[in-house]
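The values are calculated or read from the model by the stated rules, or taken from the named source; none is laboratory data. No experiment lies behind these values; they were computed from the predicted model shown. No Cβ is skipped: glycine too gets one built from the backbone with ideal geometry, and neighbour counts run over all protein chains shown. When the accessible area is computed, the model is the full protein with side chains, heavy atoms only, and any ligands, DNA or RNA have been set aside. Shrake-Rupley method; radii C 1.70, N 1.55, O 1.52, S 1.80 Å.
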Amino acid sequence: MTNALTITLKDVSVSLGEELVLKSIGLSIDQGLSFILGLNGSGKTTLLNCLSKSVPYKGDISILGTSIQKMSPKEFARTVSIVHQKWSIPFRISVFDFVLMGRFPYLNWLGSYSKLDRGLVLRNLEQLQIEHLKNRFIDQVSGGELQRVFLCRALAQDSPIMLLDEPAQSLDPPGKKDLYLLLKKLAQKGKTIICTTHDIETLPLRGSQVIGIRGGKVVFKGKVDSLSPEVQFQIYESHLMN
């Protein structure tokens, strides 16, 4: 599959109080698997939150030429799913029912989930090897299992674009490897997946895109294969771009 331009950002800025967190970002993100790298406080999570309409911003973000601000909530939910680094779930719910909530944008006119919805949830639970957790409550699973549950919910949403904020943070090294291989396979099937991460050593090679952010600015965009020590220094060590 040839890469198609799916997301464009034009002059995107974000202020939190008096601090300018993102500074006139201009960026294009192609279909495939992309990683946003940067120090804590560099703006990478804020950028992800802009793409999910979770924070107010100046400028324009569009998907295939349509501004995300012009999309209805249902249209946007069918287009973009997000796995936040931290979730707050104010009620007790089973893993199965939590993942099933990812099908909310597709509810029928009766407002009930269909057999197809439930079957899709079961297939995603099996794909992520957490089917055995389906009847447990969310507060009864481990941190690593919870990350898989959140990802499973995003998969159930069946959106072409997935935004993942540190999706491997609670996983052990084999779990991280399995996760990134899964994301790579999903991207090869046509999804656009954008992750923030610190795991440079375990990033899948060959074709994945990297966006390096420092001080609220994009300082690098290229393939993982081009992530040389000099580029890593520019992203993580150099203060010249602040």
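Per residue, the chain exposes 51 Å² of accessible surface when a 1.4 Å probe is rolled over the protein heavy atoms with every protein chain present. To the nearest 0.05, what FRET efficiency results for Leu181 and Phe104 with a Förster distance of 22 Å applied to their C-beta separation? For Leu181 and Phe104, the calculated efficiency is 0.15.
Loop sites here are GluC sites (Glu not before Pro) outside DSSP states H, G, I, E and B with no more than 16 other Cβ atoms within 10 Å. The longest part of the chain free of them is 19-236. Relative to the longest principal Cα axis of the chain, at what angle does helix 115-127 sit, 0 to 90 degrees, rounded to 10? The answer is roughly 60 degrees. For the range 71-143, a crude dipole built from +1 on the beta carbon of Lys and Arg and -1 on the beta carbon of Asp and Glu, taken about the Cα centre, is about 80 debye to the nearest 20. Think of the chain as a dipole: +1 on every Lys or Arg Cβ, -1 on every Asp or Glu Cβ, centred on the Cα centre; then among Leu20, Ile235, Ile193, Ile193 lies furthest on the positive end.
Our estimate of slack between Ser94 and Arg123, defined as 0.36 nm per intervening residue step minus the Cα-Cα distance, is 8.8 nm. Accessible surface comparison of Asp165, Asp158, probe 1.4 Å, protein chains only, largest first: the order is Asp158, Asp165.
Only Lys, Arg, Asp and Glu carry charge here, each on its Cβ (+1 for the first two, -1 for the last two); on that basis the chain has a dipole of about 640 debye about its Cα centre. Once both axes come from the Cα atoms, what is the angle between helix 173-188 and the longest principal axis of the chain, in degrees from 0 to 90, rounded to 10? Compared with the principal axis, the helix lies near 90 degrees. Loop sites here are trypsin sites (Lys or Arg not before Pro) outside DSSP states H, G, I, E and B with no more than 14 other Cβ atoms within 10 Å. The longest part of the chain free of them is 93-188. Note on exposure: His198, His132 ranked by accessible area (1.4 Å probe, complete protein assembly) read His132, His198, with the most exposed listed first. Which angle between 0 and 90 degrees, to the nearest 10, do you get for helix 143-156 versus the longest principal axis of the chain when only C-alpha atoms count? Relative to the chain, helix 143-156 is tipped by roughly 80 degrees. An ellipsoid equivalent to the range 14-86, defined through the eigenvalues of its Cα gyration tensor, has semi-axes of 20, 15, 13 Å when rounded to whole angstrom and sorted largest first. By the rule of a C-alpha distance below 16 Å, with chain neighbours fewer than 8 residues away ignored, the aspartates and glutamates paired with Lys74 are Asp158.
Surface composition of the chain: carbon plus sulfur atoms hold 53% of the accessible area, using a 1.4 angstrom probe and ignoring ligands, DNA and RNA. Scanning the chain for chymotrypsin sites (Phe, Trp or Tyr not before Pro) lying in DSSP loops with no more than 16 further Cβ atoms inside 10 Å, the longest uninterrupted stretch between such sites is 110-242.
In whole percents, the pair-distance distribution calculated for the range 128-242 from its alpha-carbon pairs, binned every 10 Å from zero, is 12, 40, 31, 13, 3, 0. Pairs of alpha carbons in the chain separated by more than 29 Å make up 29% of all such pairs. Between their Cα atoms, which of Lys134/Lys191; Lys10/Lys58; Lys44/Lys221; Lys184/Lys223 are more than 18 Å away from each other? From the list (Lys134/Lys191; Lys10/Lys58; Lys44/Lys221; Lys184/Lys223), the Cα-Cα distance tops 18 Å for Lys134/Lys191. Helical content of the chain, expressed as a calculated mean residue ellipticity at 222 nm, amounts to -9000 deg cm²/dmol (DSSP H runs of 4 or more residues, -39,500 (n - 2.57) each, divided by residue number, nearest 500).
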